[in-house]
Amino acid sequence: MLEHDGFIKKEFDEQADVYVINTCSVTDNADKECRQLVRRINRKAPDALVVIMGCYAQLKPKEIAAIPGVNLVLGAAEKFNIVSHLKELAKNDATKICSCDIEDVNSFTATHSVHERTRVFLKVQDGCDYSCSFCTIPKARGKSRSNTIAQVLAEVEDIAKAGAREIVLTGINLGDFGKGLQVTKKHTEDFFSLIQELDRVSPIDRFRISSIEPNLLSNDIIEFVANSKKFMPHFHIPLQSGSNKTLAAMRRRYKRELYAEKAGLIKLLMPHCCIGVDVIVGFPGETEEDFRETYDFLNNLDISYLHVFTYSERDHTDALQIQPAVPMNKRHERNKILRNLSYAKMQEFTAKHIGQKRKILFEGITKNGMMEGYSDNYIKISIPYHAAWENQIIDWVI
């Protein structure tokens, strides 16, 4: 939006007139990192305007506005009006907060990543109606709402014209696609209909599903991906814990048995499929036995890699009431154990495909003169740069 209005993008370490910091409420130390970045900007470009937006800005706008050097704080809906806000802002003005009650945020704004010729991330859904006890996302992003299939197809057409070969479908709760549609009053559209339509008419070669809740990953979706030429054999499915006791305390909408059933069906239909898993360690009340249950469950499951998160306390979440808290050193220890398991799982998954021919989408040159690409089933390949292969899908023996 800013570039469309005549702004020129700079690298963060270059001097600029405006700095925009997008904050998160999921990762730890958002406030600390935000303050450090603002201090760096003030030292480097004292006359620049500093804009803070994102989830943390929606949750704690006054706290952010109190950071010396911040000029503008934009909440969940107002970030899309950044251009008009900047036009009305001067460096010496008092810090301006533009936010609203998250209950009033009900519109969907379509966005996709730019400057990424090979792989583009396309947001088709936003917000979440779930009430997981550890999560601030519903308070930061609002109710579940979606784009329409027709508008998604139009965006995909534009992305294809720009030369992209692969699109990753993203959302806060992607499997909930179809809720809160702005155009159709009846919820006749859902995620399954979206991917069927993309597979049927889209000019894009490859699609990936970024992350989908196990209770929303229907058998129809799994079977469809297994038979699709455009949707890649790659799922990322949040688990969070392999202990049913902990899942209940987290207020997740499934038990580990359902998760195992979904992973089993995927591997039955697509033995070559890559499965990524989100896990949280150190949730309040997680005993050594609970953690061991999670470890054993993951160790015995045919998955490919883990994204491991260390639980951190979040204001206004029900998990704060759960006792006892797990000591921080224990949380870090458990994180390390699962990261080691993740490394072993990815090594094992890759080893199964050595000698196989798979389709690799190669990207541009890296800093060390190599080029990288990902197979259909998400195995990373690195080779010496070959200009003719950039943004091309190549049959490659792993």
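The values are calculated or read from the model by the stated rules, or taken from the named source; none is laboratory data. Small disclaimer: the values here were computed from a predicted structure and weren't measured. Heads up, the Cβs are rebuilt from the backbone with ideal geometry, glycines too, and the neighbour counts pull from every protein chain shown.
For this structure, a couple of remarks:
- If you go through region 334-351 and keep only what is farther than 26 Å from residue 391 by Cα and either among the aliphatic types (A, V, I, L, M) or touching a residue at least 12 places away in the same chain (Cβ under 8 Å) (or both), you end up with 334, 335, 337, 338, 339, 341, 342, 344, 345.
- Among the residues of this structure, residue 379 counts as one that is buried (at least 16 other Cβ atoms within 10 Å of the Cβ) and under 25 Å from residue 295 (Cα atoms).
- Single condition residue 15 does not satisfy, out of (1) surrounded by fewer than 13 Cβ atoms within 10 Å (Cβ to Cβ); (2) closer than 22 Å to residue 144 by Cβ; (3) touching a residue at least 24 places away in the same chain (Cβ under 8 Å): (2)
- Any chance residue 372 is surrounded by 14 or more Cβ atoms within 10 Å (Cβ to Cβ), among the acidic types (Asp, Glu) and either touching a strand residue (DSSP E or B) at 6+ places or on another chain (Cβ under 6 Å) or outside any strand (DSSP E or B) (or both): yes
- Scan of region 273-294 for residues that are surrounded by fewer than 16 Cβ atoms within 10 Å (Cβ to Cβ) and either at pLDDT below 95 or in contact with a strand residue (DSSP E or B) (Cβ under 9 Å, 6 or more places away or on another chain) (or both), ordered by number: 278
- Condition met for residue 48 (among the aliphatic types (A, V, I, L, M), in contact with a Ser or Thr (Cβ under 9 Å, 6 or more places away or on another chain) and either surrounded by fewer than 22 Cβ atoms within 10 Å (Cβ to Cβ) or under 28 Å from residue 137 (Cβ atoms) (or both)): no
- Residue pairs meeting the criteria (Cβ under 6 Å; at least 6 apart or on separate chains; first closer than 24 Å to residue 229 by Cα and in contact (Cβ under 8 Å) with a residue 60 or more places away in the chain, in region 372-388; second surrounded by fewer than 21 Cβ atoms within 10 Å (Cβ to Cβ) and of a type in the set (Val, Ile, Thr)): 379/350
- Scanning region 20-39 for residues that are at pLDDT 80 or above, of a type outside the set (Val, Ile, Thr) and surrounded by 13 or more Cβ atoms within 10 Å (Cβ to Cβ) yields 22, 24, 33, 34, 35, 37, 39.
- Pairs meeting the criteria (first residue in region 313-333 and of a type outside the set (A, V, I, L, M, F, W, C), second residue part of a helix (DSSP H, G or I), beta carbons under 7 Å, at least 6 apart or on different chains) are 313/320; 316/139.
- Unique residue being surrounded by fewer than 22 Cβ atoms within 10 Å (Cβ to Cβ), within 24 Å of residue 132 (Cβ to Cβ) and not basic (Lys, Arg) when the list is 223, 257: 257
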